[in-house]
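A short worksheet on the structure shown next.
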């Protein structure tokens, strides 16, 4: 029993002695670093963290022991994406030379038809592409159109292909309802819908006439019985 007590006391002394011992830096990781927020003293742990676009290869935790850090410094490897998919009636303008890695961009073009979707794909940190590949779609163009009581000011045609535009204005006496510019869309129709030219409203002007009435005072007419009581000047 006394032997066990002595052994336990000895272990406590060792832990107390080692508790202040520092293991120093756990090492440098290429394209990454160690997180040592816990500290670098006996019993602490260091966690490996890779930079964006890199993933950990190996054990990412090192323990500070009496002999120093255990294990080895791990490796941060760059993320890889699969080969980019091919598309019908199109091709990749910048085919990768070897493995596609994080941050690499792939650009497509159509040899026939129009390109629908994102022209550029990027290899992401998750090991996939930023979007699905585009497609090459046949496009016959949009029909030539007119606006009643209006005319074209740009985009006179007569043929209109994908993304071509027409600009309209109304004739004199008409006002435009809608947007003045339309574009040939992916579905071979004009977007947004064609504007209309509506008859301008007639403005009615109202004239107000003011009549002024003047009142003139007339002296009272004397009664016959009092006619001589009024003074009338004698003509000279």
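The values are calculated or read from the model by the stated rules, or taken from the named source; none is laboratory data. Keep in mind the model is a prediction, meaning the values are calculated, not measured. In this analysis, Cβ positions are derived from the backbone assuming ideal geometry, glycine residues included, and neighbour counts consider all displayed protein chains.
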Region 95-115 - residue that is in a loop (DSSP other than H, G, I, E, B) and under 27 Å from the mean Cα position of the chain (by Cα) and, of those, farthest from residue 52 (Cα to Cα): 104
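Here's the yes/no breakdown for (1) more than 16 Å from residue 69 (Cβ to Cβ); (2) at pLDDT below 95; (3) assigned to a helix (DSSP H, G or I):
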residue: 8; (1), (2), (3): yes, yes, yes
residue: 11; (1), (2), (3): yes, yes, yes
residue: 14; (1), (2), (3): yes, yes, yes
residue: 17; (1), (2), (3): yes, yes, yes
residue: 26; (1), (2), (3): no, no, no
residue: 34; (1), (2), (3): no, no, no
residue: 46; (1), (2), (3): no, no, no
residue: 52; (1), (2), (3): yes, no, no
3 or more residues outside the structural domain of residue 95 (by TED's automatic domain parsing), touching a helix residue (DSSP H, G or I) at 6+ places or on another chain (Cβ under 8 Å) and touching a residue at least 40 places away in the same chain (Cβ under 8 Å): qualifying strands (runs of 3 or more DSSP E) within region 116-192: none
